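Input: a single structure, listed below in structure tokens.
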Amino acid sequence: MLCQECGKKQATLHFTKILNGEKTEFHICETCAREKGELIPGTPNGFSIHNLLSGLLDFEPSAHSTVANKAQPSRCEHCGLTYGQFSKVGRFGCSECYKYFGDKLDPLFKRVHGNTVHIGKVPKRSGGLIKYKREIDQLKKDMLIRIENEEFEQAAQIRDQIRELEKKVAEG
Amino acid sequence: MTEASRFTQHALSEWMKGEGPDSDIVISSRIRLARNIREYPFPMLATNGQSKEVAELAAKVLESEELGTISRFTLLPLADLDELQRRVLVEKHLISPALANESRNGAVILSDNESISIMVNEEDHLRIQCLCPGFQIKEAWDLAGQIDDVFETQLEYAFDEKRGYMTSCPTNVGTGIRASVMIHLPALVLTQQINRILSAITQVGLAVRGLYGEGSEALGNLFQISNQITLGQSEEEIIDNLYSVVRQIIEHERAARQRLIHETRPKILDRVSRSYGILSYAAIMDSKEAAQRLSDVRLGIDLGFIKNVSPHVLNELLVMTQPGFLQQTAGEKLTPEERDIRRAQLIREKISAAG
């Protein structure tokens, strides 16, 4: 295939751009890619992280997780993106995709981040309850340590703190 | 002067004029937060109407008093910027190439000193970016956190207890944070220790890139080091990790510079002086050579060999010699050959004015 920019050299770089579900393909040679890259910094190789990601996404789920995966719908009902499309583009369509693709995402997150669960900042506005829950988890751990060390008085104090917080969570 | 040209006519952002800690090695520190607004599809799938609404919501936050206490901001819709202005903003690291190329209801919100840049409708609805001179990654995080808090009180973010901040790309999910430092490592390159160090960096969950981010070459011994992992670590852990690794790299670079001075002083003096001479007199200069020569001169300044050039001039030249900026200064489209001539001329002028 010839380069669509100069029409002379063999195209060695192939891009697929998907915008609003519309697929556009580019085939260009390295010289034209360089020339373009010099004009627009950051795009010389065109190999974005998404190209790499789609490689990661496009794998068969391992045998032991197929049961869980079968129960998951493969299309996001909010934005309409299918899991197949997601694995090609390497991007979610909306925040609801996370819900619809559910646990299917765990292996991917594990491979990219080594983790599947967020432990960082929580927005204050939606995060009051989450904060309490995290605090409760931490207090429970502390309480167990106190009990192990036979520091029962302190453990009882922590237990009361936990009860207080649990009340707040129950009240919403 | 138009609103946009206030930001595109000069190469050196106000924040770059500040002297940051370790600025002999670290050029700048940057935090970027990816955020999305609940209910709206991400920009890739949003309809024109939806992305317009997102832009309007972001613009509304600008009116908030709290944001006003941080800085004065200007909103620039991408549609109001011509191709060259967009390119200049990319070269100044104020917007990403992705925003410059696909501007469907895209916009950028810039603080007066250009240290804060909030991209709207890029890959995510919001990309909050804060830049600080020198090695000030924690300070940049403080600032980004403040901006984030203001936006969060005005907009409902897409956030999930398990996954954290939900982003368009799986590589940003969780904290949505990308912390990075731009670092100048000429001595580690000269003493051929760089590959060993860079491969060690990637083993501790950090990424190394060239000057203009993803997919770009490391020109002029400038490297961008950033976190890879955004899920399962807190922002503080991510920043502490980057901080301590960069701290070590700084010490390695300093040690390598000392060794260069002690063991090969005439050789390094020759190299630095030749580059200074070439920058002062050359008539044609491609971007690769310019980056390398400017790196040598920067090293010469840091080692005390060159005393009459300020590092600010070098930072300015780093941006001014980029294709977009050269063409803007020329006021016309230039071929690569014409750019090489202009680049050489500009460097000669700036270096001799400084000398």
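The values are calculated or read from the model by the stated rules, or taken from the named source; none is laboratory data. What you are looking at is a predicted structure, and each value in this text was computed from that prediction instead of being measured. Quick reminder, even Gly has a Cβ in these numbers, built from the backbone with ideal geometry, and neighbours come from all protein chains shown. For the accessible areas, the whole protein counts, side chains as well, though only heavy atoms, and no ligand, DNA or RNA atoms are used. Shrake-Rupley method; radii C 1.70, N 1.55, O 1.52, S 1.80 Å.
Please specify each residue of the stretch B:62-82 satisfying the condition of being surrounded by 13 or more Cβ atoms within 10 Å (Cβ to Cβ) and part of a loop (DSSP other than H, G, I, E, B). B:Leu62, B:Ser64, B:Ser71, B:Leu81, listed by residue number.
With respect to B:Ala353, is the statement that it is crowded, with 21+ Cβ neighbours inside 10 Å and part of a helix (DSSP H, G or I) true? The answer is no for B:Ala353.
Checking each residue in the stretch B:106-117 for being surrounded by fewer than 24 Cβ atoms within 10 Å (Cβ to Cβ) and either in contact (Cβ under 8 Å) with a residue 60 or more places away in the chain or within 12 Å of chain A (Cβ to nearest Cβ) (or both) picks out B:Asp112, B:Asn113, B:Glu114, B:Ser115. Do we find that B:Asp340 is touching a residue at least 24 places away in the same chain (Cβ under 8 Å), within 14 Å of chain A (Cβ to nearest Cβ), within 24 Å of the chain's Cα centre (by Cα) and open to solvent by 60 Å² or more (accessible area, probe 1.4 Å) in this structure? Judged against the criteria, B:Asp340 is not a match. The residues of the stretch B:9-40 that are among the acidic types (Asp, Glu) and farther than 26 Å from B:Tyr165 by Cα, listed by number, are B:Glu14, B:Glu19, B:Asp22, B:Asp24. Hey, does the stretch A:121-139 have a residue that's surrounded by 14 or more Cβ atoms within 10 Å (Cβ to Cβ), assigned to a loop (DSSP other than H, G, I, E, B) and not β-branched (Val, Ile, Thr)? Yes, there is a match, as at least one residue in the stretch A:121-139 is surrounded by 14 or more Cβ atoms within 10 Å (Cβ to Cβ), assigned to a loop (DSSP other than H, G, I, E, B) and not β-branched (Val, Ile, Thr).
Quick check: is even one residue across the stretch B:143-156 in contact with a strand residue (DSSP E or B) (Cβ under 7 Å, 6 or more places away or on another chain) and outside any helix (DSSP H, G or I)? The answer is yes, given that some residue of the stretch B:143-156 is in contact with a strand residue (DSSP E or B) (Cβ under 7 Å, 6 or more places away or on another chain) and outside any helix (DSSP H, G or I). Just one of the listed residues (B:Gly300, B:Gly277, B:Gly232, B:Gly220) is closer than 22 Å to B:His93 by Cα and of a type outside the set (Asp, Glu), and it is B:Gly220.
Filter the stretch A:81-98 for residues that are in a helix (DSSP H, G or I) and at the interface with another protein chain (Cβ under 8 Å from one of its Cβ atoms) and give the result. The answer is A:Val89, A:Tyr98. Of all the residues in the stretch A:111-148, those that are at the interface with chain B (Cβ under 9 Å from one of its Cβ atoms) and either among the small types (Gly, Ala, Ser) or within 14 Å of B:Gly232 (Cβ to Cβ) (or both) number 12.
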